[in-house]
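Notes for the one structure printed next.
Any read-out appearing in this document is the output of simple, stated calculations on the displayed coordinates, not a laboratory observation. Given the structure is predicted, the values throughout are model-derived calculations rather than measurements. Cβ placement follows ideal geometry from the backbone for every residue including glycine, while neighbour counts extend to all protein chains displayed.
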Amino acid sequence: MEAPAAPHNPSEQNPGEHGRPDGAAGDRHTLELTVSSAEEMLDLGRRLAGLLRAGDLVMLTGELGAGKTTLTRGLGEGLNVRGAVTSPTFVIARVHPSLGDGPPLVHVDAYRLGGGLDEMEDLDLDVSLPDSVIVVEWGEGKVEELTEERLQVLIARATGDTAGADGTDDDVRRLTVTGLGDRWASADLSALRG
């Protein structure tokens with residue numbers, strides 16, 4: 001059975017020289033990864049936390065059950081924030097203050113929000129962004145106006161050739177991580193490989 005197609009993401013172009021599409025100067029940097037288990041997704045989130053700082057926006061795109069919240073849970077562990085990171089579907093957004101001197105994590109689930117940034121304005125993400133790391137699940141087409149500098153993570157269930165020893169590939173995910181803008185042009189995304 002073939003997995004449903006992932007939403008179109010204009011940042012998913014074939015990388016050219018230096019990981020930038022078509023060799024474009026400095027505004028995109030892409031890395032592709034395969035994750036084989038929920039624990040690996042948590043570890044990836046922890047590694048991602050090491051790259052993030054206050055003012056960063058991370059957009060997570062993928063079907064239900066793809067691992068967006070699991071990745072964010074690992075990110076919360078890596079940022080050393082307070083509170084269990086769970087899906088904020090029914091509250092839309094949760095703020096997890098830092099337990100140390102790092103930035104708080106603002107975790108948003110935009111699944112139930114239909115409009116663009118207009119519906120997001122009540123969340124005051126533009127006010128929170130300079131001091132926080134903001135992670136938005138289902139944010140495509142809704143939060144891009146917050147900043148041109150963002151990290152987009154597309155998570156897709158793998159099919160076919162990545163099946164495990166038992167013939168299943170339920171836990172295998174393929175991720176495309178794309179850094180947009182000057183903030184990510186020189187970032188070492190290879191640190192995510194572990």
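Listed values, structure above:
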quantity: Charge tally in the Cβ shell below 13 Å around D101, where Lys, Arg are +1 and Asp, Glu are -1, D101 excluded; calculated: 0
quantity: Net charge contributed by nearby residues that have their C-beta within less than 9 Å of A66 (K/R +1, D/E -1); calculated: +2
quantity: Distant-in-sequence amide H partners of L52 (H built 1.01 Å from N, under 5 Å); calculated: none
quantity: Nonlocal amide H pairs with M59, under 5 Å, H built at 1.01 Å; calculated: V136, L151, Q152, V153
